[in-house]
Every structure is written in structure tokens, then in C-alpha cells.
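Single-structure report; data block below.
The values are calculated or read from the model by the stated rules, or taken from the named source; none is laboratory data. Owing to the predicted nature of the structure, the values given are computational and were not obtained by experimental measurement. A quick note on method: Cβ atoms are made from the backbone with ideal geometry, for glycine too, and the neighbour counts reach across all protein chains shown. Remember, those area values only see protein heavy atoms, side chains included, never the ligands or the DNA or RNA. Shrake-Rupley method; radii C 1.70, N 1.55, O 1.52, S 1.80 Å.
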Amino acid sequence: MSRILLAEDEERIASFVEKGLRSAGYAVTVATTGPDALSYTRSGQFDLLILDVGLPGVDGFEVLRRIRADGDDLVVIMLTARSGVEDTVHGLENGANDYVAKPFKFDELLARVRLRLRESGERTGMELSRGDLTLDLRSRRVRVADRTVELSAREFSLAEEFLRHPDQVLSREQLLSRVWGMDFDPGSNVVDVYVRYLRAKLGAARIETVRGVGYRLT
């Protein structure tokens with residue numbers, strides 16, 4: 001049984017989500033403050049964290065930052081009333097695996113929980129390679145030829161998506177949905193920004209722009 005930590009200080013929402021997750025077969029622990037959430041995550045007992053941004057004591061963004069600073073790759077879904085693109089990008093850049101804005105439908109949250117847990121399980125002990133580029137999905141290490149490259153959590157997820165579909169053209173819509181877990185916003189350039197980051201770290205020639213369509217790992 002997967003163990004989920006729910007960090008949410010609004011009692012009504014916490015109770016609603018906890019009951020739904022338990023009914024779906026998950027073991028759930030609730031934390032109502034940022035310090036409590038950090039303490040629970042450091043126990044190493046959880047498979048996924050649903051993290052509210054507006055926690056008292058230490059806010060969700062800072063909780064996430066400290067989790068990733070500890071080297072913890074715990075799956076994190078941000079849960080917040082802040083739906084602006086800036087807040088979304090901030091959370092994802094700092095290592096969140098997904099982002100759900102309030103108000104939300106529980107079925108959507110549950111679907112994302114199941115997806116992220118499944119992806120986490122699939123990655124265990126796996127390695128993806130293309131030429132001299134290798135991603136170790138367990139340790140989250142990236143090698144280019146004989147050197148190790150440091151990628152952020154979001155850069156790594158984007159590189160993983162390319163390596164799972166070599167030579168296939170991936171549209172911006174596909175990448176945004178698969179890597180960021182968001183519906184496509186025609187005004188967002190977050191995919192282009194992160195492709196630029198990857199090119200700078202892995203080599204500009206590795207990712208080809210297919211004009212009017214998307215990108216392809218060559």
C-alpha cells in the first residue's frame with residue numbers, strides 16, 4: 001500500500017482529501033504545518049506528498065526547497081489556491097512533480113496521484129541511453145560522454161521524456177502535459193525555456209526544433 005503525506009492546514013479540505021484517498025486504498029497521514037510536513041518527509045516513510053503552498057510556520061515552497069536540498073526525490077504534488085503561471089513555474093522549477101490549483105475535483109487529484117506513483121515505480125532501477133547521453137532514473141544522475149551533468153528536477157523530467165521517445169517529434173502540448181502535468185496554455189513559453197536550458201547543458205545539437213510542430217531528440 002502506498003503511503004501519502006497530505007500537508008494541508010484547511011481542516012475541511014484535509015478531511016475531504018484524506019477520506020477520498022483512504023477510500024482509494026492509500027495510507028494517509030495529515031500534517032497541518034510546514035515544520036510538521038518536513039519532519040514527516042524526513043522519516044523516509046512516504047511515497048508521495050500532496051503539499052499545500054499556504055502552510056503556517058514554513059510555506060509549501062520552502063518545504064519543497066528543503067526537501068530537494070536534502071537530496072530527497074519524493075514525489076510532490078503542489079496543492080494551492082494560487083493558479084498564476086508565475087507561482088506554477090516557481091513550484092515546478094523547485095522540483096514539484098505536479099501542480100493542482102484550488103478549487104479542484106477530487107477525481108482529477110486522484111488521477112494525478114495514481115499517475116505520479118506509477119511513474120515513480122516505473123523509474124526504479126532504470127537507465128535510459130541515447131548515444132553518449134545516459135540518464136540513471138534511480139539516482140537521477142546524467143552523463144554526457146565522460147562527464148556528469150547537473151540537471152534540475154524539471155530539466156531531468158524533460159530530458160527523460162525526450163529519451164523515452166528518441167527521433168519522435170514531441171509537440172509543446174505533449175511536453176507540457178507529460179512533464180508539467182498541465183493543460184496547454186498557448187501563451188506559455190515554459191517548454192521553450194527548458195529546452196534552451198537542456199541544450200546549454202547537454203549540447204545544442206541534441207534537440208532539434210521542428211518548426212511549427214515541436215522538438216525532437218536527434
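Given (i) 18.7, 59; (ii) 24.8, 78; (iii) 17.6, 53, which label gives Rg and Dmax of the Cα atoms in Å as computed from the coordinates?
(iii)
Among the lysines, which have Cα under 17 Å from the Cα of LYS19 when same-chain residues fewer than 8 positions away are ignored?
LYS105
Can you give the FRET efficiency for SER171 and SER39, using 1/(1 + (r/R0)^6), R0 = 35 Å, r = Cβ-Cβ distance, to the nearest 0.05?
0.25
Of the peptides 34-43, 167-176, how do they stack up when ordered by the mean number of other Cβ atoms within 10 Å, highest first?
Per-residue mean Cβ counts within 10 Å order the peptides as 34-43, 167-176.
For the chain, what is the relative contact order in percent, using Cα pairs closer than 8 Å and at least 6 residues apart in sequence?
Relative contact order, the chain: 13 percent.
Measure off, as a whole percent, the carbon and sulfur share of the 1.4 Å-probe accessible area of the chain, all protein chains present.
Values: 4820 of 10660 Å².
C and S fraction of accessible area: 45 percent.
Rg and Dmax of the range 1-56 over Cα atoms: what are they, in angstrom?
Taking only Cα atoms of the range 1-56, I get Rg and Dmax of 10.5, 29 Å.
I'd like to check one number: the per residue accessible area of the chain, probe 1.4 Å, reported in Å² as a whole number.
Dividing the accessible area of the chain by its residue count gives 49 Å².
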